[in-house]
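Here's the structure we're looking at; comments come further down.
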């Protein structure tokens with residue numbers, strides 16, 4: 001069977017991908033925006049913990065070093081962190097290390113991760129401590145509502161707050177507060193100032209850090225740290 005040249009050209013052109021089809025394919029491959037993005041950060045600061053008594057207060061000071069990482073594979077979210085505390089004075093409690101590992105999902109408007117915090121106290125009893133850790137976020141317009149249990153590598157017992165752009169504030173239970181400020185240096189990197197303080201009975205705990213945060217893609221919503 002023979003085809004005429006015009007008929008053959010018509011069949012060939014109809015089967016070739018046109019500009020509209022190529023644009024539709026490219027659009028379908030674009031990743032939808034998420035409430036959080038992948039992020040990697042490191043910081044140093046001062047951690048204090050102690051208790052009050054009649055006539056005074058006893059408190060220990062530590063050099064704190066933190067590392068946090070969040071990776072998104074589609075919507076699946078892997079969140080991790082490391083906190084190292086080194087005592088600045090002799091004769092008090094020894095150093096400690098805490099590791100956080102959480103897994104969850106991030107959509108366009110919300111994110112939930114859950115896992116555990118494993119703490120190792122070099123001179124404490126018991127030597128090893130394991131705590132559950134959960135954190136959630138829900139976006140309402142430009143505001144992100146946040147809540148968590150044993151966040152910040154297990155140091156914050158529970159918090160409830162909100163963030164708008166580079167600024168975040170939260171109430172820490174039973175009595176305290178938490179704050180975060182991101183100062184952009186470039187589209188994908190910035191300086192983060194973060195801290196919390198809370199009191200439980202006679203015990204008061206605080207942590208203030210300054211660090212650098214980097215992201216593989218530029219984003220207007222940085223999200224909270226681990």
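The values are calculated or read from the model by the stated rules, or taken from the named source; none is laboratory data. All of these numbers come straight from a predicted model, not from anything done at the bench. Glycine gets a Cβ as well: all are built from the backbone with ideal geometry, and neighbour counts include every protein chain shown.
Yes/no matrix, rows are residues, columns are (1) in contact (Cβ under 8 Å) with a residue 24 or more places away in the chain; (2) over 14 Å from the mean Cα position of the chain (by Cα); (3) in a strand (DSSP E or B):
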residue	(1), (2), (3)
105	yes, no, yes
108	yes, yes, no
115	yes, no, yes
133	yes, no, yes
152	yes, no, no
180	yes, no, yes
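With 81, 115, 104 as the choices, which residue is touching a helix residue (DSSP H, G or I) at 6+ places or on another chain (Cβ under 6 Å), surrounded by 16 or more Cβ atoms within 10 Å (Cβ to Cβ) and either over 24 Å from residue 200 (Cα atoms) or at pLDDT 95 or above (or both)? Steps first, please.
Working: 115 fails: touching a helix residue (DSSP H, G or I) at 6+ places or on another chain (Cβ under 6 Å); 104 fails: touching a helix residue (DSSP H, G or I) at 6+ places or on another chain (Cβ under 6 Å).
Step by step, each of 81, 115, 104 is checked, and only 81 is touching a helix residue (DSSP H, G or I) at 6+ places or on another chain (Cβ under 6 Å), surrounded by 16 or more Cβ atoms within 10 Å (Cβ to Cβ) and either over 24 Å from residue 200 (Cα atoms) or at pLDDT 95 or above (or both).
Yes or no, residue by residue, for (1) at pLDDT 55 or above; (2) surrounded by 12 or more Cβ atoms within 10 Å (Cβ to Cβ):
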position	(1), (2)
15	no, no
21	no, no
30	yes, no
47	yes, yes
52	yes, yes
62	yes, yes
67	yes, yes
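Any idea which of 71, 76 is modelled with pLDDT of 95 or more, more than 12 Å from the chain's Cα centre (by Cα), surrounded by fewer than 18 Cβ atoms within 10 Å (Cβ to Cβ) and more than 20 Å from residue 158 (Cα to Cα)?
76
Among (1) in contact with a strand residue (DSSP E or B) (Cβ under 7 Å, 6 or more places away or on another chain); (2) over 20 Å from residue 48 (Cβ atoms), which single condition is residue 178 missing?
Against the list (1) in contact with a strand residue (DSSP E or B) (Cβ under 7 Å, 6 or more places away or on another chain); (2) over 20 Å from residue 48 (Cβ atoms), residue 178 comes up short only on (2).
Looking only at residues that are more than 24 Å from residue 38 (Cα to Cα) and in contact (Cβ under 8 Å) with a residue 40 or more places away in the chain in segment 190-200, which one is surrounded by the fewest Cβ atoms within 10 Å (Cβ to Cβ)? Steps first, answer last, please.
Start the filter on segment 190-200 by keeping residues that are more than 24 Å from residue 38 (Cα to Cα), which leaves 197-200.
Checking the rest, the ones that are also in contact (Cβ under 8 Å) with a residue 40 or more places away in the chain come to 198, 200.
Details: 198: 22, 200: 14.
Out of the qualifying residues, it is 200.
Can you pull out the residues in segment 88-103 that are assigned to a strand (DSSP E or B) and over 14 Å from the mean Cα position of the chain (by Cα)?
The answer is 96, 97, 98.
Consider residue 126 against the criteria (1) part of a strand (DSSP E or B); (2) surrounded by fewer than 16 Cβ atoms within 10 Å (Cβ to Cβ): it satisfies all of them except one. Which criterion is unmet?
(1)
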